[in-house]
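The values are calculated or read from the model by the stated rules, or taken from the named source; none is laboratory data. These numbers come from a predicted model, not from an experiment. Glycine also receives a Cβ, built like all others from the backbone with ideal geometry; neighbour counts cover every protein chain displayed.
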Amino acid sequence: MPGSQIFTMDFMNRPFLSADLSGAGDSKLAVTPVPASVRARLDVLSRRCGDRAGYLDAGSGEVVTWSQAARQAADWAALLPPGTVVALRVTNPVAFCRAYLAGLAAGVCVAPLDPRATTGELASILGVLEAADVVIDEEEAAAEFDGSGVNLWMTSAAGLRLARRGHEVRLGARGVAALLPTSGTTGRPKLVPLSESQLLRVAARIASHHALTPQDRGYSPLPLSHVNAQVVGVLSTLVAGSSLVVEDRFHGSRFWATADELDVSWLNLVPAILGILSEGASPAHAVSRGVRFARSASAPLPAAVRKRFEERSGVGVLETYGMTEAASQIAANPLLGRERQPGSVGRPTGVTVRIVDEDRHELPAAEIGAVELRGRNVVDVYLGRGRTPIPARATDGWLCTGDLAFRDPEGFLYLVGRSDDVINRGGEKFHPREIEEVLLGDSRIRSAAVVGRPHRLLGEESVAYVVTDADLVSSGRAGLASELLDRCRRALSPHKQPASVVVVDSLPTGPTGKPNRRALRVAAVGDAPVPTTGTQGIRDLAASRTETAAP
């Protein structure tokens with residue numbers, strides 16, 4: 001029944017709460033039960049299939065079994081009081097899975113860190129987290145925390161041990177299972193507190209929607225410090241009792257070979273990775289036949305990239321939408337390929353979504369507006385300094401996502417961009433994605449991002465950055481940029497046409513592959529300093545740009 005909870009029993013005759021699938025779009029799919037807790041689920045899996053692999057490292061071949069994960073959980077519970085905020089600076093991907101589950105099962109609050117962060121970045125985020133305990137998996141990582149005063153713990157297959165006692169006073173977070181920072185566009189990042197029940201409900205919903213069974217094996221090469229990899233990857237695998245292949249990072253050259261060797265049945269990807277794979281070699285026929293779908297999340301998927309990937313790989317793409325404040329998934333396309341809507345992120349799954357105008361009045365179908373959410377899987381508050389709660393929702397209970405979208409008459413959502421990405425040219429507003437889709441329609445373009453830059457009379461004008469084939473020489477790039485401007489003139493209204501096209505070797509991106517538009521806006525100004533922190537590829541952008549302006 002929509003909106004209801006159904007009490008049922010699992011295969012070991014233990015109580016579970018069934019995941020509510022209202023709005024999921026696949027009414028015939030079986031409902032995956034929501035475990036009572038991470039600890040309870042680990043205990044069940046350890047007893048029933050303890051020697052079976054839960055998580056596999058694509059690079060080293062290392063495996064974590066369910067019994068190993070359960071033993072780690074008991075170890076953590078004996079050493080760390082419930083509610084302790086524990087930062088995870090774990091590089092080995094299967095060691096991360098083991099530590100993450102152990103922390104949740106022990107009742108501590110896990111705060112995953114990006115293992116690629118610099119010492120300065122680590123110090124900054126530890127200050128925001130106000131964490132007095134850090135778990136590492138490499139001896140050399142200890143130097144990164146010299147002078148920090150934290151309790152330093154070492155995790156390994158043998159268990160958890162205290163490597164160095166600190167002097168920081170613990171500031172706990174009772175009832176919080178995971179503490180994840182927002183992107184922090186201005187000032188101090190807010191912390192998103194997610195409860196164990198939120199995480200498990202969403203993980204069960206994903207497992208239900210994706211029809212995951214113990215026979216499935218996922219492949220998620222995404223950064224484990226992000227909510228997508230944690231909930232869609234690690235936790236949906238736990239709930240389904242299936243298995244998951246993880247990696248330290250995406251390795252395009254061996255991706256399809258790994259999927260073949262390890263008998264992968266579904267993929268957890270982002271548009272940037274789909275774009276790379278769409279330009280590479282095709283997978284073996286056995287892989288195309290065995291992989292049920294490639295899930296796309298974290299950013300809108302350009303139509304041209306989806307088409308190229310599906311034609312090249314023979315694997316259908318399942319477009320979805322999520323955010324940290326909703327413990328990942330917000331919407332998803334139906335699992336059945338014939339029911340999906342290309343270009344849409346699907347229908348809401350487990351949350352209520354509405355599209356509103358500037359006065360927060362709900363809009364009818366086909367009208368673009370701001371996306372707002374509410375539901376029990378959506379956070380009520382952020383945590384500020386000293387764990388001070390900061391309201392995340394408006395007084396009427398809706399959370400503003402900052403995304404812009406429209407809905408079709410069947411309830412499918414179509415994202416068009418972020419509210420702060422809208423370009424205002426002489427009072428006429430438009431979204432970068434409209435131009436990006438036109439540019440990506442050219443088969444020579446691998447990726448594209450459009451931003452606004454200041455204009456003396458119009459306020460703003462648009463600049464397009466594109467990445468093309470690496471072997472295109474400088475003279476060819478200039479000609480390409482001119483051709484792309486012509487393409488935009490034919491396809492777009494005058495106010496949407498970019499003032500210039502810049503051909504670059506790579507785009508600056510964040511950890512999940514989203515274009516870093518802030519860095520691009522800085523570069524578009526011209527003589528402004530180009531930031532280098534957290535802007536992968538920005539040096540290439542500054543050093544190897546070929547710009548052609550519209551006449």
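Yes/no matrix, rows are residues, columns are (1) out of contact with any Asp or Glu (no Cβ under 7 Å at 6 or more places or on another chain); (2) crowded, with 20+ Cβ neighbours inside 10 Å:
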{"site": "425", "(1), (2)": "no, no"}
{"site": "435", "(1), (2)": "yes, yes"}
{"site": "458", "(1), (2)": "yes, no"}
{"site": "463", "(1), (2)": "yes, yes"}
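Among the residues of the range 467-503 satisfying the criterion of being touching a helix residue (DSSP H, G or I) at 6+ places or on another chain (Cβ under 8 Å), in a loop (DSSP other than H, G, I, E, B) and at pLDDT 90 or above, which is surrounded by the fewest Cβ atoms within 10 Å (Cβ to Cβ)?
Step by step, filter the range 467-503, then rank; the result is 492.
Out of all the residues in the range 395-407, is one or more over 15 Å from residue 354 (Cβ atoms) and not hydrophobic (A, V, I, L, M, F, W, C)?
To start, the set of residues in the range 395-407 that are over 15 Å from residue 354 (Cβ atoms) comprises 395.
Then keep just the ones that are not hydrophobic (A, V, I, L, M, F, W, C); that gives 395.
Looking through the range 395-407, at least one residue is over 15 Å from residue 354 (Cβ atoms) and not hydrophobic (A, V, I, L, M, F, W, C).
Look at the range 266-300 and say how many of its residues are among the acidic types (Asp, Glu) and modelled with pLDDT of 95 or more.
0
With modelled with pLDDT of 95 or more, within 23 Å of residue 383 (Cβ to Cβ), part of a helix (DSSP H, G or I) and touching a helix residue (DSSP H, G or I) at 6+ places or on another chain (Cβ under 9 Å) as the only criterion, which of 200, 238, 179 stands out?
Every option except 200 fails the conditions.
Mind checking which residues of the range 262-273 are within 23 Å of the chain's Cα centre (by Cα), more than 19 Å from residue 414 (Cα to Cα) and not in a strand (DSSP E or B)?
Of everything in the range 262-273, those that are within 23 Å of the chain's Cα centre (by Cα), more than 19 Å from residue 414 (Cα to Cα) and not in a strand (DSSP E or B) turn out to be 264, 265, 273.
Residues checked against (1) outside any strand (DSSP E or B); (2) basic (Lys, Arg); (3) over 16 Å from residue 516 (Cα atoms); (4) assigned by TED's automatic domain parsing to the domain that holds residue 362:
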| site | (1), (2), (3), (4) |
| --- | --- |
| 397 | yes, no, yes, yes |
| 409 | yes, no, yes, yes |
| 433 | yes, yes, no, no |
| 437 | yes, no, yes, no |
| 442 | yes, no, yes, no |
| 453 | no, yes, no, no |
| 457 | yes, no, yes, no |
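What is the number of the single condition among (1) surrounded by fewer than 16 Cβ atoms within 10 Å (Cβ to Cβ); (2) among the polar types (S, T, N, Q); (3) in contact with a helix residue (DSSP H, G or I) (Cβ under 7 Å, 6 or more places away or on another chain) that residue 268 does not meet?
Exception for residue 268: condition (1).
Mind checking which residues of the range 97-150 are out of contact with any strand residue (DSSP E or B) (no Cβ under 8 Å at 6 or more places or on another chain) and buried (at least 21 other Cβ atoms within 10 Å of the Cβ)?
101, 105, 106, 107
Let's see how each residue does on (1) under 22 Å from residue 418 (Cβ atoms); (2) in the same structural domain as residue 137 (by TED's automatic domain parsing); (3) among the acidic types (Asp, Glu); (4) without any contact (Cβ under 8 Å) to a residue 40 or more places away in the chain:
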| position | (1), (2), (3), (4) |
| --- | --- |
| 224 | no, yes, no, no |
| 234 | no, yes, no, no |
| 265 | no, yes, no, no |
| 281 | no, yes, no, yes |
| 298 | yes, yes, no, no |
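When residues of the range 418-435 are filtered for being more than 19 Å from residue 522 (Cα to Cα) and in contact with a helix residue (DSSP H, G or I) (Cβ under 8 Å, 6 or more places away or on another chain), how many remain?
Looking only at that region, the number is 5.
Out of curiosity, is residue 77 under 29 Å from residue 260 (Cα atoms), of a type in the set (A, V, I, L, M, F, W, C) and part of a helix (DSSP H, G or I)?
Spelling it out, it is not the case that residue 77 is under 29 Å from residue 260 (Cα atoms), of a type in the set (A, V, I, L, M, F, W, C) and part of a helix (DSSP H, G or I).
Quick one: residue 258 ticks every box in (1) modelled with pLDDT under 95; (2) buried (at least 18 other Cβ atoms within 10 Å of the Cβ); (3) part of a helix (DSSP H, G or I) bar one, so which box is it?
Checking residue 258 against (1) modelled with pLDDT under 95; (2) buried (at least 18 other Cβ atoms within 10 Å of the Cβ); (3) part of a helix (DSSP H, G or I), the one that fails is (1).
Taking the range 66-96 as the search range and keeping residues that are β-branched (Val, Ile, Thr) and out of contact with any Phe, Trp or Tyr (no Cβ under 9 Å at 6 or more places or on another chain), which one is surrounded by the fewest Cβ atoms within 10 Å (Cβ to Cβ)?
91
Quick one: count up the residues across the range 22-39 that are closer than 21 Å to residue 198 by Cβ and either at pLDDT below 50 or touching a strand residue (DSSP E or B) at 6+ places or on another chain (Cβ under 9 Å) (or both).
The qualifying residues number 9.
List the pairs whose first member sits in the range 367-390 and is more than 21 Å from residue 227 (Cα to Cα), whose second member is of a type outside the set (Asp, Glu) and in a helix (DSSP H, G or I), and whose Cβ atoms are under 8 Å apart, counting only residues at least 6 apart or on separate chains?
Hits for this filter: 370/419.
Tally up the residues in the range 194-236 that are in contact with a Cys (Cβ under 8 Å, 6 or more places away or on another chain) and buried (at least 23 other Cβ atoms within 10 Å of the Cβ), please.
Residues meeting the conditions: 2.
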